[in-house]
Structures are given as structure tokens and as C-alpha cells.
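In what follows, a single structure is set out as C-alpha cells and then discussed.
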Amino acid sequence: MDKPVIQVKDLYKIYRIGTNKVRALNGVDFSIEKGEFCCIVGTSGSGKSTLLNMLAGLEKPTKGQIVIAGEHIESKNESQLVNFRQAHVGFIFQSYNLMQNMTAIENVAMPLTFQGVSKWERERRAIKMLKLVGLGKYMRHRPGEMSGGQQQRVGIARALVVNPEIVFADEPTGNLDSNTTIEVLQLIKKISREKNQTMVMVTHDNYLAGFGDRIIQIRDGKIIRNVDNREQARRQMEELVNGTASAPEASPQAENTAAAQTPENTTAMQTEDGAQQVTDAQNKPGSIWDEVNETIKNGGDIQS
Ligand SMILES: Nc1ncnc2c1ncn2[C@@H]1O[C@H](COP(=O)(O)OP(=O)(O)OP(=O)(O)O)[C@@H](O)[C@H]1O
Ligand SMILES: [Mg+2]
């Protein structure tokens, strides 16, 4: 981790509905370093998706600056933004957004068609990427023939196949059960770490945000907390892998005690139990982790 790859200065997004103004982002400043796994956390309606969409150049800010990989996003036109996204950015969506009539290989290979990669090479890289996410046996399956967790792993493979510098993920585990949530989160973290990619993940779940190297907490369009969380994230992951996860409701990430008891923290509470089961799964022969670890050991770099 070294220099900032994302810099946001005095960012505003104001939506006008009739005579009503909604300040979805109300003066936001922060930066994210290269290689950081940054979690943006906040309750529903706090402005998380708005912020992510601005960063990815999907929406124009009302005011302010966004500098990504040295380029000013806010001053780009539509076609410049398309080029920028293809060159630097990968997305993981809550609802996977896979093409239902395509196999896993075809879905993952798709972003490479925009880069003029040959069909043979596209397939080769897609297969390597699918093995990296532990889906070697499901490469010819269509989304309807896979579980939610498997579909999201296809979504991850598709986002990462172009080897993007930055990956944006909006509630990537929002549709998954607690065990699968942890599994998918570990996978995202492991791969982005291996490739020194910068990852920006939006979540409403304080426990999940606790895995971030940096936590940016947002409320009513303003940042109310921005902390370097590397040490705690390492510890939280260690506790998870060793099966000694402490009660998530005791986590220092909870905004306050009342917040820890709101329904939005239900997943966090369920994950304590999930943690043990994922640890068991990681130790069991034949789990996805064998394939993931093996692929990484064999030089998981899909570009080679
Ligand atoms: N296109 C839009 N037009 C008008 N208001 C909008 C629009 N998009 C978002 N908003 C408003 O901006 C605020 C922030 O919305 P945003 O979608 O960023 O929240 P969020 O934190 O992602 O919430 P959630 O966790 O529910 O996804 C909300 O008050 C929302 O109603
Ligand atoms: Mg949202």
C-alpha cells in the first residue's frame, strides 16, 4: 500500500424531486491507497451506492472532484468514461447481473471481447479465472443451474478477468446466506490481495465492514468515521479462520449498542455461527478452497 489511487474532494450529489432536495452526498472528502480493501458502511439511504456510482463514473456529481489513477472522473464525457471503466475498473453486483443464456465461461469471457482479445485466449483466461474462484466443475453451467454463491463467484471472476486496477462492489453478498457471505468475502479479499488490486466494497453490515483495511462510515451523505482498520481486520480474519470469532455484536464497528440490535445487523449476528462452519469447510478436502489455493499456488495470475 502506498500512494492514493482514489481521491475525493468536497463531493456533493443533490437530487431534486419537484421542489424537494435530497442531499445524497453532502460534502465528502477521503482518499484510498493502492491495494487497500476499503469498506463503505452505513444504513439504508445513507448515500453508499450514490458514492460508489460517482467513483465508478456511472453518475455525475453535483459538485466536487474525483481523481482516480491520476484522472479527473468528474470532467469526463460519456465515451471517455466508458474507456476509463474498461481500462481501470471491475464491478461486482448484489444481484450478480449474469447473462442467463450463457455458460459460466461465456459470462466470464465477455468483458474481454471489448478488449479485442481472441476467442481462444478469452476462453483460456475465463477457465483460469473460474478455477481461481473454485468453480472448475461448473464452467459449462448456466446461472439457473448454479446456487447464489456460485453465481456470485462467476460475477467475481467476470469482474476480475480483465485484471482491473480497482474493483467496486455494491453489497456483493447481499443476496447470500451467512456462510456463503463469509466464503465470498474471503475469496474477494484473497484474490484482490494476491493481485494488489484496490477494492471498494459497500455494505450495511458492520461485521463485514470489519474485514476492511479501511472503514469509511457514512450517514446522511456525510462521512462520520474514516479509520485505518488493517490491524483489526487481520485479527478478525484470523479469529474467523481459527474458529475463535468473537461475538460480532461486541465489535467496535457497531455505531452504538442500539445500532447493533437493529435488523440490519442480523447478518452480522448470524455470521458468528457461519464462521465456524466456513472454517470447517476450509479444512475439509474437496472444498472450493483446495481448488482456489491450488490455482494461486500454480501462479493464479490469469494474465499469464
Ligand atoms: N436517482 C435518485 N433520485 C432521487 N433521489 C435519489 C436517487 N438515488 C438515490 N436517491 C436518494 O439519495 C439517498 C441515498 O441513496 P443511496 O441509494 O445512495 O443509499 P444507500 O446507502 O445505497 O442505501 P441502501 O443501503 O438502501 O442501498 C436516499 O435518500 C435516496 O432516496
Ligand atoms: Mg445502495
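The values are calculated or read from the model by the stated rules, or taken from the named source; none is laboratory data. A quick note: this is a predicted structure, and the numbers were derived from the prediction, not measured. No Cβ is skipped: glycine too gets one built from the backbone with ideal geometry, and neighbour counts run over all protein chains shown.
Quick notes on this structure:
- Evaluation of Val8 against the conditions (1) within 16 Å of ligand 2 (Cβ to nearest atom); (2) part of a strand (DSSP E or B) shows that the sole unmet condition is (1).
- Any hit, region 131-138, residues being away from ligand 1 (no atom under 16 Å from the Cβ), over 23 Å from Glu238 (Cβ atoms) and modelled with pLDDT of 95 or more: yes
- Residue identified as away from ligand 2 (no atom under 16 Å from the Cβ) and closer than 28 Å to Glu33 by Cβ among Val154, Val162, Val200: Val162
- Any hit, region 179-187, residues being within 16 Å of ligand 1 (Cβ to nearest atom), among the polar types (S, T, N, Q) and touching a residue at least 24 places away in the same chain (Cβ under 8 Å): yes
- Pairs, first at positive phi in region 45-73, second within 15 Å of ligand 1 (Cβ to nearest atom) and not in a helix (DSSP H, G or I), C-beta under 6 Å, six or more apart: Gly47/Ala24; Gly47/Leu25; Gly47/Ile218; Gly47/Gly221; Gly64/Leu11; Gly64/Tyr12
- Any hit, region 69-87, residues being within 16 Å of ligand 1 (Cβ to nearest atom) and touching a strand residue (DSSP E or B) at 6+ places or on another chain (Cβ under 9 Å): no
- Boolean, Asp170 is within 16 Å of ligand 1 (Cβ to nearest atom) and more than 21 Å from Leu240 (Cβ to Cβ): yes
- Flag for Thr181 being in contact with a helix residue (DSSP H, G or I) (Cβ under 6 Å, 6 or more places away or on another chain), within 24 Å of Met237 (Cα to Cα) and among the polar types (S, T, N, Q): no
- Counted as qualifying within region 28-120 are the strands (runs of 3 or more DSSP E) with 3 or more residues that are within 21 Å of the chain's Cα centre (by Cα), closer than 21 Å to Ala159 by Cβ and hydrophobic (A, V, I, L, M, F, W, C), namely 37-41, 89-92.
- Taking region 132-169 as the range and being crowded, with 22+ Cβ neighbours inside 10 Å, in a helix (DSSP H, G or I) and under 15 Å from the mean Cα position of the chain (by Cα) as the test, the residues that pass are Gln151, Gln152, Arg153, Val154, Gly155, Ile156, Ala157, Arg158, Ala159, Leu160.
- Selection within region 14-45 - more than 10 Å from ligand 1 (Cβ to nearest atom) and closer than 25 Å to Asn163 by Cα: Phe30, Ser31, Ile32, Glu33, Lys34, Gly35, Glu36, Phe37, Cys38, Cys39
- Residue within region 55-66 that is modelled with pLDDT of 95 or more, polar (S, T, N, Q) and within 16 Å of ligand 1 (Cβ to nearest atom) present: yes
- Test for Gly47: is it touching a strand residue (DSSP E or B) at 6+ places or on another chain (Cβ under 8 Å) and within 16 Å of ligand 2 (Cβ to nearest atom): yes
- Whenever a residue of region 20-39 is over 21 Å from Met199 (Cα atoms) and modelled with pLDDT of 95 or more, its partners that are of a type in the set (S, T, N, Q) and not in a strand (DSSP E or B), lying with C-beta atoms within less than 7 angstrom and at least six residues away or across chains, give the pairs Ala24/Thr50.
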